[in-house]
Amino acid sequence: MEFRKWEDLPHFMQTSQVYPYYCRLASKRGQLFWKRWLDFVFSSLLLLLLWPVMAGIALWIKLDSPGPVFFRQERVTQYGRIFRIYKFRTMVDDAERKGSLVTAEGDSRITRVGKKLRGCRLDELPQLINIWK
């Protein structure tokens, strides 16, 4: 886990409201290190165990609709750093340009496979890769 010095935090975070939380986290740096290590080890083990399932899902997505297997989106971390999140694609390719950014019940952009993957949250499996970053 990235842990910055107080003076290296973005200016908008250096407030009297944030300071007590910062001090609490600073006192637990060792615990945060081991948590990060365990996150990495367990995500690696899960990826090894689940790769056949993930390969099957990737093939299922490819057979169901044209476009990439993965959906990538940029998100912003607590320190303002941009990172990419990965999920299995559950909507038609270019869905953001073909409609609202928010999905609604019965959204026609959701593929048949996507509906099933979302129902059991299997579209989230590639997020195990995000833990490595």
Of the conditions (1) in a strand (DSSP E or B); (2) modelled with pLDDT under 90, K87 satisfies every one except a single condition; which number is it?
(2)
Could you go through the range 68-83 and let me know if any residue there is in contact with a Gly (Cβ under 9 Å, 6 or more places away or on another chain) and either under 30 Å from L117 (Cα atoms) or not in a helix (DSSP H, G or I) (or both).
no
When the range 40-55 is checked residue by residue, the ones that are surrounded by 11 or more Cβ atoms within 10 Å (Cβ to Cβ) and of a type outside the set (A, V, I, L, M, F, W, C) are S43, S44
Examine the range 56-63 for a residue that is farther than 30 Å from V92 by Cα, touching a residue at least 24 places away in the same chain (Cβ under 8 Å) and in a helix (DSSP H, G or I), and state whether such a residue exists.
no
Looking at A95, A104, which one is at pLDDT below 85, surrounded by 14 or more Cβ atoms within 10 Å (Cβ to Cβ) and of a type in the set (A, V, I, L, M)?
A95
Of all residues being over 23 Å from L128 (Cβ atoms), modelled with pLDDT of 85 or more and among the hydrophobic types (A, V, I, L, M, F, W, C) in the range 6-39, which is surrounded by the most Cβ atoms within 10 Å (Cβ to Cβ)? Just the residue, please.
V18
Does F70 meet the test of being aromatic (F, W, Y), modelled with pLDDT under 90 and either in contact with a strand residue (DSSP E or B) (Cβ under 9 Å, 6 or more places away or on another chain) or within 30 Å of L25 (Cα to Cα) (or both)?
no
Inside the range 33-49, can you point out the residues that are within 17 Å of the chain's Cα centre (by Cα), hydrophobic (A, V, I, L, M, F, W, C) and under 20 Å from C120 (Cα atoms)?
L46, L47
Take the conditions of a type in the set (A, V, I, L, M, F, W, C), in contact with a helix residue (DSSP H, G or I) (Cβ under 6 Å, 6 or more places away or on another chain), under 30 Å from K115 (Cβ atoms) and assigned to a helix (DSSP H, G or I) and apply them to L46. Does it pass?
yes
From F3, F42, grab the single residue that is at pLDDT below 90 and not β-branched (V, I, T).
F3
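The values are calculated or read from the model by the stated rules, or taken from the named source; none is laboratory data. Treat the numbers as computed from the prediction; the structure is a model and nothing was measured. FYI the Cβ positions are ideal-geometry reconstructions off the backbone, even for glycines, and counts take in every protein chain you see.
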